[in-house]
Structure formats: structure tokens, C-alpha cells
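Quick notes on the structure that follows.
The values are calculated or read from the model by the stated rules, or taken from the named source; none is laboratory data. All of these numbers come straight from a predicted model, not from anything done at the bench. Here the Cβ is made from the backbone with ideal geometry for all residues, glycine too, and neighbour counts use every protein chain on show.
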Amino acid sequence: MRMPKRYGESRRDPCPFCGRQATATSEQGVPVCTSHKSAVLPEMKCVCGSYLEMKKGKFGVFYTCIDCGNLSSAKVFEFNEVRDVSGVKQGPEKKASLQDKNPEPARRSLFASVPEKKNPREIVVRADDPFYCS
């Protein structure tokens with residue numbers, strides 16, 4: 001049975017620093033939790049090596065690469081280290097309590113390597129086979 005969406009449940013943004021639900025917006029326009037409101041994200045790089053430009057759209061923050069095109073923030077945060085470069089430090093007791101209270105959820109890798117097949121099959125392609133020769 002299909003349950004209708006309730007108000008406010010259609011989109012939930014995680015904080016890129018700690019993984020909790022984002023309730024505020026940083027100076028850069030990134031949705032963050034209240035403890036990271038003054039935090040600043042570093043420059044992000046693409047898989048191809050070029051720098052990414054942060055943009056804000058209808059569905060939230062996304063990044064643009066000159067070579068690869070548009071990338072979602074989840075993919076970008078996956079292959080870049082997300083750390084605070086603003087210089088504002090939190091107390092060590094506050095960090096420890098946040099980690100104990102709500103550990104960062106394990107994220108699945110979108111670029112995970114495919115495991116090798118142990119017994120590859122050999123396929124014979126003939127010249128008169130219409131499916132393989134075009």
C-alpha cells in the first residue's frame with residue numbers, strides 16, 4: 001500500500017561534516033547541522049583532477065566539472081575528504097559527545113571496484129554470426 005508523503009518528509013539533507021540531519025545553511029549555501037553553521041568546505045576536486053564549481057539549484061547543492069558535467073554532492077563528498085577549513089575549532093568534549101551520540105552512517109561507494117571473475121568463459125565469435133559482426 002502506498003503511503004502519501006507528509007509535509008517536510010520529501011527531502012532530507014545530511015550534514016557533510018557529521019552525517020546528522022541538516023537544519024541550517026552555512027555561509028557557502030551548503031545545508032549543515034547547527035553545530036557546523038560556521039564551517040567552510042574546502043575546494044573539491046573531480047575524479048578527472050579538475051576543480052569543481054559549487055552551484056545551488058532547485059534540488060539543493062550540486063557541483064559542476066568542466067570535463068565531466070554536473071555531479072551530485074553525495075558523489076563529490078564520497079571521493080573528496082570533507083573537513084572544516086574555516087579555522088574555528090570545536091572543543092574536544094563536544095566532538096566526542098557528537099561521535100558517541102550519532103556515529104556517521106556507513107556510506108556505500110558509488111565507484112566501488114567490480115570483483116574479478118574467477119572462471120572467465122571463452123566465447124568464440126565467427127565471421128558469419130549476425131549478432132556479433134556489424
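In segment 28-54, of all residues being in a strand (DSSP E or B) and not acidic (Asp, Glu), the one that is surrounded by the fewest Cβ atoms within 10 Å (Cβ to Cβ) corresponds to Tyr51. On the basis of being in a loop (DSSP other than H, G, I, E, B), in contact (Cβ under 8 Å) with a residue 12 or more places away in the chain and loosely packed, with under 11 Cβ neighbours inside 10 Å, does Cys18 make the cut? So Cys18 does not fit the description; no. Where the second residue is surrounded by fewer than 18 Cβ atoms within 10 Å (Cβ to Cβ) and among the small types (Gly, Ala, Ser) and the first is under 16 Å from Pro14 (Cα atoms) and lies in segment 70-82, which pairs have Cβ atoms under 8 Å and are six or more apart or on separate chains? Pairs that qualify, where the first residue is under 16 Å from Pro14 (Cα atoms) and the partner is surrounded by fewer than 18 Cβ atoms within 10 Å (Cβ to Cβ) and among the small types (Gly, Ala, Ser), are Ser73/Gly60; Glu78/Ser109.
As for segment 55-63, it holds at least one residue that is modelled with pLDDT under 90, touching a helix residue (DSSP H, G or I) at 6+ places or on another chain (Cβ under 8 Å) and in a strand (DSSP E or B).
Among the residues of segment 31-53, those identified as touching a Lys or Arg at 6+ places or on another chain (Cβ under 7 Å) and closer than 23 Å to Cys65 by Cα are Pro42, Tyr51, Leu52. When segment 10-35 is filtered for residues that are closer than 15 Å to Phe62 by Cβ and either charged (D, E, K, R) or touching a Phe, Trp or Tyr at 6+ places or on another chain (Cβ under 6 Å) (or both), the ones remaining, listed by number, are Arg11, Asp13, Pro16.
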